[in-house]
Amino acid sequence: MNDTYPYEFLMDNMLIQNNLIRSAHDNDVPKFIFLGSSCIYPKFAPQPLKEEYLLTDSLEPTNEWYAIAKISGVKLIEALRKEYGRDYVSLMPTNLYGPNDNFDLKSSHVLPAMIRKFHEAKMNENTPVELWGTGSPMREFLHVDDLGQAVLFALENQLEEYLYNVGTGMDLAIKDLAELIQSTVGHTGKINWDITKPDGTPRKLMDISKLEAQGWSSSIELKDGLDSTYQWFKNSQSMLREVRI
């Protein structure tokens, strides 16, 4: 989606964030939390990703439009702190998942897309599941409730700097994620990897030491988060079937 609709990803995100940030400043809102994404960091930045790596090299080409929009938001927050002394903060979460996620196969992120693929394959007599790439890229995943707690923490505390990473500090290979989701769903079929498709950034692990030093850390383990997310997904599918009937 990011690579297919670059104009919309860049323009829509800038309009949303600029309206909110400007309105907060113009109306003297005392506290503002801007949410970005780990894709703001260079594609081949050293791992784990530190806040100071921002703008030190080129971005991942397939999602640079969204990344540039988010970088401009981070810089707006920094500018307001510098010029007007605003207590505004940017939080950069890693890959998020959880209830109410987007499970559409054309526009969703990797984890919810996998949940849906494995679920539908299980319902279809455990047919094979096709996944993109080699499965080798490393990714980090944070439950949305943990991000909610991080936002609350940032609102309730005066943080020293303008930019903080938010994550678990742990990552795993996409292949391992696929097998974990397959086990969670209960799919017993084969996984086929389409190596003609791109892998994307080799690794994205957040250095979360700055926010941890302020007193915040995540609490939801990936397996527990996957269990509850899949249960929510199954319940939502049941409700949709009831509505259609």
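Points worth noting:
- 20 Å Cα-Cα threshold exceeded, pairs from LYS106/LYS197; LYS70/LYS204; LYS50/LYS197; LYS70/LYS106: LYS50/LYS197; LYS70/LYS106
- Centroid-to-centroid separation of the stretch 168-215 and the stretch 6-48 [C-alpha atoms, Å]: 24 Å
- Structure-based [θ]222 nm, the chain - -39500 (n - 2.57) summed over DSSP H runs of at least 4, per residue, nearest 500: -15000 deg cm²/dmol
- Relative contact order (percent, whole number), the stretch 6-244, Cα cutoff 8 Å, 6+ residue spacing: 25 percent
- Top positive-direction residue, dipole computed over the stretch 183-227 with Cβ charges, set THR188, GLY215, PRO198: PRO198
- For peptides 91-102, 146-157, sequence by mean Cβ density within 10 Å, most packed first: 91-102, 146-157
- Net charge, GLY189 excluded, C-beta distance under 10 Å - Lys, Arg +1, Asp, Glu -1: +1
- Between GLY98, ALA45, TYR88, the Cα set farthest toward the positive side of the dipole of the chain (charges on each charged residue's Cβ, about the Cα centre) is that of GLY98.
- Relative exposure of LYS106, LYS31, judged by other C-beta atoms within 10 Å (fewest first): LYS106, LYS31
- Reachable aspartates and glutamates, given that their alpha-carbon falls under 19 Å from the alpha-carbon of LYS210 and they are not under 8 places away in the same chain: GLU51, GLU52, GLU78, ASP87, GLU140, ASP146, GLU156, GLU160, GLU161, ASP171
- Electrostatic dipole magnitude of the chain [Cβ: Lys, Arg +1; Asp, Glu -1; Cα centre; debye, to 20]: 460 debye
- Of the residues MET138, MET123, the one with the fewest other Cβ atoms within 10 Å heads the list, and the complete ranking is MET123, MET138.
Readers should treat all values here as calculations from the given coordinates under stated rules, not as data from a laboratory. Bear in mind that the values here come from a model prediction, so they are computed numbers and not experimental data. For neighbour counting, all protein chains shown are included, and Cβ atoms are generated from backbone atoms with ideal geometry for every residue, glycine included.
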